[in-house]
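Here's the structure we're looking at; comments come further down.
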Amino acid sequence: MTSKLKNYDIDAGGKSLGRLASEVASLLRGKREVNYMPHLDPMITVRVFNFGKIILTGKKSTQKIFYHYTGYQGGLKAIKYPDLIKKDFGRGLKLAVLRMLNKNRLRAKLMKRLTIEK
């Protein structure tokens, strides 16, 4: 079975972070395709543009915190959303999409096909 590389362009302007992430995760996974098979790589690329115009509802733009664990005792690290986007403006969306995908070998391949532009 050979599949051609499909491209999707998504305008992030005016969309919520979580709703956009679920849409991107579904596209990357290939669930909108007729020949969807969960164990195969769908060969789909997703380009998100206008990411600077994304909306965070409520007080999330100042209070949302992302956590990660280093593996050592007392190694729980926290970073607020404004500090996260200063380092990498698309990191919030990448983390949201990453955590929505299945935790298997296919996830890394799918994440390589996500590009985010301001």
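For this structure, a couple of remarks:
- Modelled this way, with points 7 Å down the Cα-to-C-beta line, the labels at K60 and H39 are 3.5 nm from one another.
- For the chain, the equivalent ellipsoid derived from the alpha-carbon gyration tensor has semi-axes of 27, 19, 11 Å in decreasing order.
- A simple spin-label model places the labels of N102 and D11 3.4 nm from each other, with each point 7 Å out along Cα-to-Cβ.
- The angle separating the long axis of helix 17-29 from the principal Cα axis of greatest extent in the chain is about 30 degrees.
- Amide H partners (placed H, <5 Å) of K64, local residues excluded: Y81
- For region 13-98, the per residue solvent-accessible surface stands at 62 Å², with DNA, RNA and ligands left out and a 1.4 Å probe.
- Highest-first arrangement of 19-25, 80-86, where packing means the average Cβ count within 10 Å: 19-25, 80-86
- DSSP beta bridges in the chain [antiparallel fraction, %, rounded to 5]: 35 percent
- The chain: most fluctuating residue of V48, V97, V34 per GNM, C-alpha cutoff 10 Å: V34
- Expressed as a whole percent, the accessible surface of the chain that belongs to carbon and sulfur atoms is 53, based on a 1.4 Å probe.
The values are calculated or read from the model by the stated rules, or taken from the named source; none is laboratory data. The structure displayed is predicted, hence computed values, not measured ones. Methodologically, a virtual Cβ is constructed for each residue, glycine included, from the backbone with ideal geometry; neighbour enumeration extends over all protein chains shown. Only protein heavy atoms, including side chains, enter the accessible area calculation; ligands, DNA and RNA are left aside. Shrake-Rupley method; radii C 1.70, N 1.55, O 1.52, S 1.80 Å.
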